[in-house]
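Below is one structure; the comments refer to it alone.
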Amino acid sequence: MHPGIKIRCIGLQSDDTENGIIISGSKMQNRNKQPFMIGVAGGTSSGKTTVCNMIIQQLHDHRVVLVNQDSFYRGLTQEELEHVSEYNFDHPDAFDNEQLLDCLWKLKNCQPVQIPVYDFKLHQRSTDTFRQVNAADVIVLEGILVFHDNQVRNLMNMRIFVDTDADIRLARRIRRDTQLRGRDVNSVIEQYAKFVKPAFDDFILPSKKYADVIIPRGGDNCVAIDLIVQHLRTKLGQHDLTKIYSNVHVIQSTFQIRGMHTLIRDRETTKHDFVFYADRLIRLVVEHGLGHLPFKEKQVITPTGSIYIGVDFCKKLCGVSVIRSGESMENALRACCKEIKIGKILIHREGDNGQQLIYEKLPKDISERHVLLLDPVLATGNSAVQAIQLLLQKGVPENHIIFLNLISAPEGIQVVCKRFPMLKIVTSEIDAALNEEFRVIPGMGEFGDRYFGTDEDGPEKLYESHLKITCRSNGVLRESS
């Protein structure tokens, strides 16, 4: 163990068992979308804010907001203001814990909140100014008494205590209060001896036992902060379904990927932009899916005459698109795999449970190949199950199938993974749920219509102009442009 950090059971002590999938009738409540909440406590001027800022700066691929417990100081009454030198700002009663808890619950449930603005010179809250805080991936709550209140403490997924020498904390407090809060040195020292140190001994130091992580030296301890950030990135990169089903893989989210999702999900996005950014995302999903194929070690001689030990691509590979949306993924697959064979499956849907296979055209030797099954949206999973069953009937081993999606609904993932535990699912995002109409929410609408433009000029006309359609004429299958 590195001497610069003490760890006590880092993890989701309170929420690991809670953030699951709850199914009630036709609705699913997906609670894994709740933000990861971090509490950062410690004595006055211990470096809590510095630690928080360093964590936030390093988590640049995620939406992170900082909430200060200081914002929830109660405004002093006129009588308290007249004897402000006798008021203990480090006592738990100085804070409005009820409002703090209410704000945290709303943030935990992805609701926006208005945080009060507190004036440390007037000892009052602003009556007309608030700080708007919206839903985020990570909520960081910082304050001296974050762990004192049991209800607040139990909302935290991770609890960090910043442990800094008392002399250093006093020096920092003198500098802060004189420069930023308009106080003189004597009043700061008097307040420290009378209220701050006793409150630390009585309330703050005892709460240290609740910490999962203790950071000595605060912001100067870069090793500890790096370890915490690494742990957070791992947790944030894991959707709860990827913990349940090891065969589900979600590509790592970045601002670029989230930005592209924002564009293709926006109903105001033009067809041209929708196709452009959907193609970019599809290419990323395809590349990630190819990374799950088996490989063999291969040695080559470089132009310098040196030996390079690398890998050889999987040779027996093919794609299978579920017509028609799946055909939008074919170009990306062709761009990544030279001269790859691509088969097609057409499933007619009547309602949600009335799937009927009406056409399939697959390579004759498909049983010898690894198959990339292409469909941008995994919703109920019923069409996917039928397509996968067909591949199994053709002799394709279950563990040779990789199902590629842009977005997936939890219900569809559960249906496919329970039925076919050996195949892999690769997606760029797992959405919240299905609604009563079995549509993915938040979703991105009817993908095929938006991609091929059939939501504007009618399905028959534009479908035929963009796709090759299989027709039956005198009992013979043929293709028409």
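The values are calculated or read from the model by the stated rules, or taken from the named source; none is laboratory data. Computed from a predicted structure; not experimentally measured. So basically every Cβ, Gly included, is an ideal-geometry build from the backbone, and we count neighbours across all protein chains shown.
For the reader, a short list of remarks on this structure follows.
- Residues located in segment 212-222, provided they are more than 27 Å from the chain's Cα centre (by Cα) and part of a helix (DSSP H, G or I): GLY218, ASP220
- Among the residues of segment 424-433, those that are at pLDDT below 95 and among the hydrophobic types (A, V, I, L, M, F, W, C) comprise ILE430, ALA432, ALA433.
- Of residues in segment 54-96 being in a helix (DSSP H, G or I), within 29 Å of the chain's Cα centre (by Cα) and touching a residue at least 24 places away in the same chain (Cβ under 8 Å), the one nearest to PHE195 (Cα to Cα): ASP70
- Residues in segment 198-234 that are of a type in the set (D, E, K, R) and in contact with a Gly (Cβ under 9 Å, 6 or more places away or on another chain) were compared, and the one that is farthest from HIS148 (Cα to Cα) is ASP220.
- Members of segment 224-256 that are surrounded by 15 or more Cβ atoms within 10 Å (Cβ to Cβ) and of a type in the set (Phe, Trp, Tyr): TYR245
- For ILE342: the one exception among (1) hydrophobic (A, V, I, L, M, F, W, C); (2) surrounded by 19 or more Cβ atoms within 10 Å (Cβ to Cβ); (3) farther than 21 Å from GLY395 by Cβ; (4) without any contact (Cβ under 8 Å) to a residue 40 or more places away in the chain: (3)
- Meets criteria (in a helix (DSSP H, G or I) and under 30 Å from ASP167 (Cβ atoms)) for LYS235: no
- PRO206, sole failed condition from (1) of a type outside the set (Gly, Ala, Ser); (2) over 38 Å from the mean Cα position of the chain (by Cα); (3) loosely packed, with under 15 Cβ neighbours inside 10 Å: (2)
- Enumeration of residues in segment 398-436 that are in contact (Cβ under 8 Å) with a residue 40 or more places away in the chain, surrounded by fewer than 24 Cβ atoms within 10 Å (Cβ to Cβ) and closer than 9 Å to ASN247 by Cβ: CYS417, PRO421, MET422, LEU423, LYS424
- Wholly within segment 101-211, strands (runs of 3 or more DSSP E) carrying at least 2 residues that are under 27 Å from ILE228 (Cβ atoms) and without any contact (Cβ under 8 Å) to a residue 60 or more places away in the chain: 113-119
- Odd one out for THR470 among (1) at pLDDT below 90; (2) in a helix (DSSP H, G or I): (2)
- Taken together, LEU378, LEU362, LEU391 contain a single residue that is at pLDDT 90 or above, touching a helix residue (DSSP H, G or I) at 6+ places or on another chain (Cβ under 6 Å) and either among the small types (Gly, Ala, Ser) or assigned by TED's automatic domain parsing to the domain that holds GLN252 (or both), which is LEU378.
This table checks each residue for (1) surrounded by fewer than 18 Cβ atoms within 10 Å (Cβ to Cβ); (2) of a type in the set (Lys, Arg).
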site	(1), (2)
HIS60	yes, no
VAL64	no, no
ASP70	yes, no
GLU79	yes, no
SER85	yes, no
GLU98	yes, no
LYS106	yes, yes
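- Taken over segment 277-336, the residue count meeting the criterion of being of a type in the set (A, V, I, L, M), out of contact with any strand residue (DSSP E or B) (no Cβ under 8 Å at 6 or more places or on another chain) and surrounded by fewer than 18 Cβ atoms within 10 Å (Cβ to Cβ) is 1.
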